[in-house]
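The values are calculated or read from the model by the stated rules, or taken from the named source; none is laboratory data. Everything numeric here is computed off the predicted structure, so don't read it as measured data. Neighbour counts run over all protein chains shown; Cβ positions are idealised from the backbone, glycine included.
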Amino acid sequence: MELIRGIHNILPSHHGCVLSIGNFDGVHRGHAEVIRRLVDKAHHFQLPATIMTFEPQPQELFRGDKAPARLSLLRDKVRLLDELEVDRLLCVNFTPAFASQPAQAFIEDLLVNKLGVKYLVVGDDFCFGKGREGTFEMLVAAGKEFGFTVVSTQSFILGSQRVSSTLVREQLQLGNLEQARRLLGHPFILSGKVAHGQKIGRTIGFPTANIALKRKVVPVRGVFAVRLFWDDSDIYEGVANIGFRPTVQGQVCQLEVHLFDFDGDLYGKRVEVELVAKIRDEQPFESLDALKKQILNDANEAKALFSFDAS
Ligand SMILES: Cc1cc2nc3c(=O)[nH]c(=O)nc-3n(C[C@H](O)[C@H](O)[C@H](O)COP(=O)(O)O)c2cc1C
Ligand SMILES: Nc1ncnc2c1ncn2[C@@H]1O[C@H](COP(=O)(O)OP(=O)(O)O)[C@@H](O)[C@H]1O
């Protein structure tokens with residue numbers, strides 16, 4: 001998959017595509033269904049299947065810390081969209097200037113002139129441009145004028161629920177990892193680089209790889225059984241805490257992973273952490289000794305869970 005970073009990187013050779021526009025946060029099963037149809041159309045038209053997404057996501061620009069928690073960072077979306085055989089991902093820098101351009105300019109400059117869209121899939125509630133003046137109906141009318149087809153996405157229902165990023169966030173917040181996985185169609189993974197911490201972990205017998213989460217709002221909190229891997233490494237099992245670490249007066253929300261059967265060096269590595277099951281909520285402890293005892297229990301619980309999983 002080709003990643004086009006910003007409108008200014010669209011080349012004349014990128015003209016002509018079938019396109020879907022959206023946040024695709026989490027790249028869940030509803031998204032996968034939209035993409036499956038898009039890829040079908042791309043084959044039909046012999047044009048690249050293209051996704052337009054935004055960074056930051058629009059709500060993050062408009063609402064800052066009050067925006068919904070981010071399920072996937074751009075890097076995660078690249079991996080997941082690539083797996084779904086998307087040909088191109090256009091990541092638009094969502095600035096106040098971009099957000100406030102007239103809807104007609106978005107259609108004519110970007111969709112028609114730069115991207116040469118032939119087939120467009122968006123939600124029928126999709127709004128765009130200054131004051132959210134651009135509507136689905138406006139796109140349909142523009143399609144007739146400029147020669148492209150516009151269709152709306154259909155709700156993907158699982159059980160009796162419409163799959164959505166909001167529903168995935170709710171399930172994650174409740175600690176229902178299995179349910180989140182079902183809605184996503186893939187495990188929930190947090191990725192990031194291992195940084196140096198306070199070096200307290202090793203003194204209590206539990207070294208923990210600290211992974212910066214790089215998002216304003218984190219969708220999950222608590223202690224989890226996890227699997228960790230990087231590049232072509234083996235898969236390691238372990239326990240992790242996601243939170244502020246009140247026992248050591250932590251200031252930022254962080255992911256900390258202790259791996260079983262590992263004593264190497266992870267500093268600087270970009271790792272992926274799959275949350276397998278929630279064990280408990282984070283809590284303050286009166287001493288490092290009390291924390292250590294609890295982590296030992298957490299580790300035993302996770303190990304039991306993994307061995308049950310394997311049998
Ligand atoms: C499985 C696990 C559970 C943890 N639970 C908590 C907790 O409930 N409360 C807390 O303050 N710290 C908790 N921690 C500790 C911190 O996340 C962190 O590991 C510790 O402060 C060591 O920090 P360091 O890596 O910077 O040395 C937990 C760590 C692990 C590995
Ligand atoms: N079993 C293990 N699980 C996690 N990290 C480990 C393990 N063994 C060694 N390490 C290394 O030790 C570091 C964590 O040690 P720790 O004392 O908690 O220091 P820091 O505060 O810098 O995270 C990790 O970043 C990793 O490089």
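A few notes on this one:
Results for (1) closer than 30 Å to VAL217 by Cβ; (2) assigned to a strand (DSSP E or B); (3) modelled with pLDDT of 95 or more, shown as yes or no for each residue.
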position: VAL257; (1), (2), (3): yes, yes, yes
position: ASP261; (1), (2), (3): no, no, no
position: VAL273; (1), (2), (3): yes, yes, yes
position: ILE279; (1), (2), (3): yes, yes, yes
position: GLN283; (1), (2), (3): yes, no, yes
position: GLU286; (1), (2), (3): yes, no, yes
position: GLN294; (1), (2), (3): yes, no, yes
position: GLU301; (1), (2), (3): yes, no, yes
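- Of all residues in the stretch 93-103, none satisfies being surrounded by 14 or more Cβ atoms within 10 Å (Cβ to Cβ) and under 11 Å from ILE21 (Cβ atoms).
- The stretch 72-84 residues that are farther than 19 Å from VAL220 by Cβ and among the acidic types (Asp, Glu), paired with ones that are part of a helix (DSSP H, G or I) and modelled with pLDDT under 95 (beta carbon under 9 Å, 6 or more apart): none
- Strands (runs of 3 or more DSSP E) completely within the stretch 189-249 that count 1 or more residues being more than 10 Å from ligand 2 (Cβ to nearest atom) and more than 30 Å from GLN59 (Cα to Cα): 222-229, 236-243
- Any chance GLY222 is modelled with pLDDT of 95 or more, at positive phi and within 16 Å of ligand 1 (Cβ to nearest atom): yes
- When the test is whether a residue is closer than 18 Å to GLY197 by Cα, more than 12 Å from ligand 2 (Cβ to nearest atom) and either in a loop (DSSP other than H, G, I, E, B) or in contact with a Gly (Cβ under 6 Å, 6 or more places away or on another chain) (or both), VAL252 passes it.
- Residue in the stretch 41-88 that is nearest to the chain's Cα centre (by Cα), counting only those that are of a type in the set (Lys, Arg) and closer than 18 Å to LEU120 by Cβ: ARG88
- Residues that are in contact with a Leu (Cβ under 9 Å, 6 or more places away or on another chain) and more than 18 Å from ASP82 (Cβ to Cβ), drawn from the stretch 48-58: PHE54
- Residues that are within 29 Å of GLN179 (Cβ to Cβ), away from ligand 2 (no atom under 15 Å from the Cβ) and in contact with a helix residue (DSSP H, G or I) (Cβ under 8 Å, 6 or more places away or on another chain) within the stretch 268-311 comprise LEU275, VAL276, ALA277, LYS278, ILE279, ARG280, GLU282, GLN283, PRO284, listed in sequence order.
- Filtering the stretch 177-188 to residues that are touching a residue at least 60 places away in the same chain (Cβ under 8 Å) and either within 16 Å of ARG221 (Cα to Cα) or not in a helix (DSSP H, G or I) (or both) leaves LEU177, GLU178, GLY185, HIS186, PRO187, PHE188.
- Some residue of the stretch 59-66 being within 16 Å of SER164 (Cβ to Cβ), out of contact with any Gly (no Cβ under 6 Å at 6 or more places or on another chain) and assigned to a helix (DSSP H, G or I): yes
Here's the yes/no breakdown for (1) free of Cβ contacts under 8 Å to residues at least 60 places away in the same chain; (2) in contact with a strand residue (DSSP E or B) (Cβ under 6 Å, 6 or more places away or on another chain):
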site	(1), (2)
HIS14	no, no
GLY22	no, no
ASP87	no, yes
ALA97	yes, no
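- Count of the stretch 132-147 residues which are assigned to a helix (DSSP H, G or I) and either without any contact (Cβ under 8 Å) to a residue 12 or more places away in the chain or under 27 Å from the mean Cα position of the chain (by Cα) (or both): 7
- Residue-level analysis places ILE204 among those that are touching a residue at least 12 places away in the same chain (Cβ under 8 Å), within 9 Å of ligand 1 (Cβ to nearest atom) and not small (Gly, Ala, Ser).
- Among residues of the stretch 149-192 being more than 19 Å from ASP25 (Cα to Cα) and at pLDDT below 95, the one that is surrounded by the fewest Cβ atoms within 10 Å (Cβ to Cβ) is SER160.
- The single condition from (1) more than 12 Å from ligand 1 (Cβ to nearest atom); (2) touching a His at 6+ places or on another chain (Cβ under 8 Å); (3) not polar (S, T, N, Q) that TYR267 fails is (1).
- Hits in the stretch 1-34 (condition: in a loop (DSSP other than H, G, I, E, B) and within 23 Å of THR149 (Cβ to Cβ)): ILE10, HIS15, GLY16, GLY22, ASN23, PHE24
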